[in-house]
Amino acid sequence: AGERPPIDHAIHRQRLSQRGTAGKLYSMSKPTIAALPGAAAGAGLSLALACDLRIASANAILTTAFAKVGFSGDYGGTYLLTQIVGTAKARELYMLADRIDMGEAHRLGLVTWVVPAAELEAHTRDIARRLADGPRLALGLIKDNLNRALKASFADCLDAESANLARARETEDHKEAARAFAEKSKPGFRER
C-alpha cells in the first residue's frame, strides 16, 4: 500500500536472490539433483535447470510460464534453457510458454530420467547415494570443467581440464581408485 522501492533497489534484491539460489546450485562444487514430482513452472523450472541432474515423475509438467504472466524470466532459466535445447527451441518455450510433458522433456534433455511417481523418491536417493559414494573432489572438478565448457574457448577448456586433472591426480581419492581398480575392488572415497 506504500510507495514502491526504486527500481535499482528491486534489481539489487532480485540479483542477490538469483545468485544466492540458482547461482549457487549451478556453481557449487558438489553435484546437485532436482527431483520433480509435479509442476515445475517459471522460477521452479529455472532452479531445476540450475541443477546438474533432474529426475522427474512421469506425470510432472514443465513450463517456462513467464509470457503467460507478463514476466521476462528469472533465476538463470533463459541462459540454462538456451544451453540445453538451443536458441530456437528456448525462444519457442519462453515466448509461447506451452506445457512440456515428460516424454518431450526427456527428449529435449530437460530431465535426465523419467520414472513412475511411486519410484521418484527411491530413484533420487539411489542417484544421490551413488554421487555421495563417488570421488566427490573429482566430481567437483568435472562439474567445473563442464560449466566452463559453456562459456570458454576450446583452448581454455583444454587448459582448465589439464589443471583439474593435475589436481585430481594428487588426491588420495585418485590413489584409492587406482588401487581398487588394480585389485578389482570397490574404492572407499574420503574426499581427500
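The values are calculated or read from the model by the stated rules, or taken from the named source; none is laboratory data. Note that this is a predicted model, so its numbers are computed, not measured. Here the Cβ is made from the backbone with ideal geometry for all residues, glycine too, and neighbour counts use every protein chain on show. All accessible areas refer to the heavy atoms of the entire protein, side chains included, with ligands and DNA or RNA removed. Shrake-Rupley method; radii C 1.70, N 1.55, O 1.52, S 1.80 Å.
Quick notes
- When residues in region 79-97 are screened for being in contact with a Ser or Thr (Cβ under 7 Å, 6 or more places away or on another chain) and either of a type in the set (Lys, Arg) or in a loop (DSSP other than H, G, I, E, B) (or both), 1 of them pass.
- Filtering region 87-109 for residues that are of a type in the set (A, V, I, L, M, F, W, C), farther than 18 Å from Ala34 by Cα, buried (at least 17 other Cβ atoms within 10 Å of the Cβ) and without any contact (Cβ under 8 Å) to a residue 24 or more places away in the chain leaves a non-empty set.
- Counting only strands (runs of 3 or more DSSP E) that sit wholly inside region 1-60, those with at least 1 residues that are among the hydroxyl-bearing types (Ser, Thr, Tyr) and crowded, with 19+ Cβ neighbours inside 10 Å are 53-57.
- Of all residues in region 61-77, those satisfying the criterion of being of a type in the set (Val, Ile, Thr) and either in a loop (DSSP other than H, G, I, E, B) or modelled with pLDDT under 95 (or both) are Thr64, Val69.
- Selection count, region 61-77, where residues are of a type in the set (S, T, N, Q), buried (at least 16 other Cβ atoms within 10 Å of the Cβ) and either more than 19 Å from the chain's Cα centre (by Cα) or over 11 Å from Ala105 (Cα atoms) (or both): 1
- The set of residues from region 18-44 being free of Cβ contacts under 8 Å to residues at least 40 places away in the same chain and either more than 23 Å from Leu141 (Cα to Cα) or of a type in the set (D, E, K, R) (or both) comprises Arg19, Lys24, Gly38, Ala39, Ala40, Ala41, Gly42, Ala43, Gly44.
- Count of region 140-154 residues which are open to solvent by less than 60 Å² (accessible area, probe 1.4 Å), of a type outside the set (Lys, Arg) and in a helix (DSSP H, G or I): 6
- Any hit, region 157-180, residues being touching a Gly at 6+ places or on another chain (Cβ under 8 Å) and either of a type in the set (Asp, Glu) or at positive phi (or both): yes
- Candidate set: region 116-140, residues that are in contact (Cβ under 8 Å) with a residue 40 or more places away in the chain and in contact with a helix residue (DSSP H, G or I) (Cβ under 8 Å, 6 or more places away or on another chain); chosen: the one farthest from Glu170 (Cα to Cα): Leu131
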